[in-house]
Amino acid sequence: MHAMNEAPTPRITRVKDGYTTGARTLASRSVTGLARTRVTPNALTTAGVTLCLVAAVLVPFENRDKLLFYWLGAGVFVVGSILDILDGALARAGGRSTVFGAFLDSTTDRVGEGAMLGAIALVFTRAGNDVAVVLTVAAVAGSFLVPYVRAKAEALGLRGDVGLGSRAERVVVITAGLVLAPWGGLQWAIYLLAATSWVTVLQRILHVRKQLIHGGTHVDH
């Protein structure tokens, strides 16, 4: 029981912190020139979610040409997700961070990801793969709960950012699944996504509980 309450191993934490810091540094450098233009963070957010929705529309056409539409969907989804990452970097670089911008960014993250997973569920339904459909629904629920648990923890003044199932990792898993879909890799990517999402939710719940126990904080329901 005590082992379950432990935070992720230091090695995993160091790896996650390392590539998170690297990604943020790269994003900041990428938007240095963009910050001097009239492009706003909200414009990048809107463009990002729009591309993710377009990608979700493309994927179900895989029954016409698997390689073309899976790979095209994966490419558009990646570009949309990158824009979604750059909007925050642009806001910080240009000193244009706003509460509404952060709210919009968080909301559109769920829209783009949910639309893509919905499109993937449609593909599995059409193929008669009921197990994959159920696990896609589980992946949607887990993916939505991961940021919710973090937001709720931070609203209580606690940390809730542990675990490896954050948005960046989910984008990588979904994209890899789409790229490998013509050879049957999509369902395995969804299985991995569902598992890591729910493990991350559990990790964050236990991490919050540990902080409350050690800090002696009491929060009324």
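The values are calculated or read from the model by the stated rules, or taken from the named source; none is laboratory data. Predicted, not measured: the structure shown is a model, and the values here were computed from it. Neighbour counts run over all protein chains shown; Cβ positions are idealised from the backbone, glycine included.
Looking at this structure, is T136 under 19 Å from the mean Cα position of the chain (by Cα), among the hydroxyl-bearing types (S, T, Y), modelled with pLDDT of 95 or more and crowded, with 17+ Cβ neighbours inside 10 Å? Yes: the conditions hold for T136. Screening the candidates A127, A195, A141 for the property of being surrounded by fewer than 21 Cβ atoms within 10 Å (Cβ to Cβ) and either over 19 Å from the mean Cα position of the chain (by Cα) or touching a residue at least 60 places away in the same chain (Cβ under 8 Å) (or both) yields one hit, A127. Determine if the range 81-91 includes at least one residue that is free of Cβ contacts under 8 Å to residues at least 12 places away in the same chain and part of a helix (DSSP H, G or I). The answer is no; no qualifying residue exists. Residues considered: G165, G185, G216. Of these, the only one that is at pLDDT below 90 and closer than 27 Å to C52 by Cα is G165.
Of the residues making up the range 61-80, at least one is farther than 26 Å from G160 by Cβ, at pLDDT 70 or above and in a loop (DSSP other than H, G, I, E, B). Kindly check whether there is at least one residue in the range 98-118 that is modelled with pLDDT of 90 or more, over 22 Å from D84 (Cα atoms) and surrounded by fewer than 21 Cβ atoms within 10 Å (Cβ to Cβ). No, that holds for no residue. Within the range 162-174, does at least one residue satisfy the condition of being surrounded by fewer than 19 Cβ atoms within 10 Å (Cβ to Cβ), more than 13 Å from the chain's Cα centre (by Cα) and over 18 Å from G114 (Cβ atoms)? Looking through the range 162-174, none of the residues is surrounded by fewer than 19 Cβ atoms within 10 Å (Cβ to Cβ), more than 13 Å from the chain's Cα centre (by Cα) and over 18 Å from G114 (Cβ atoms).
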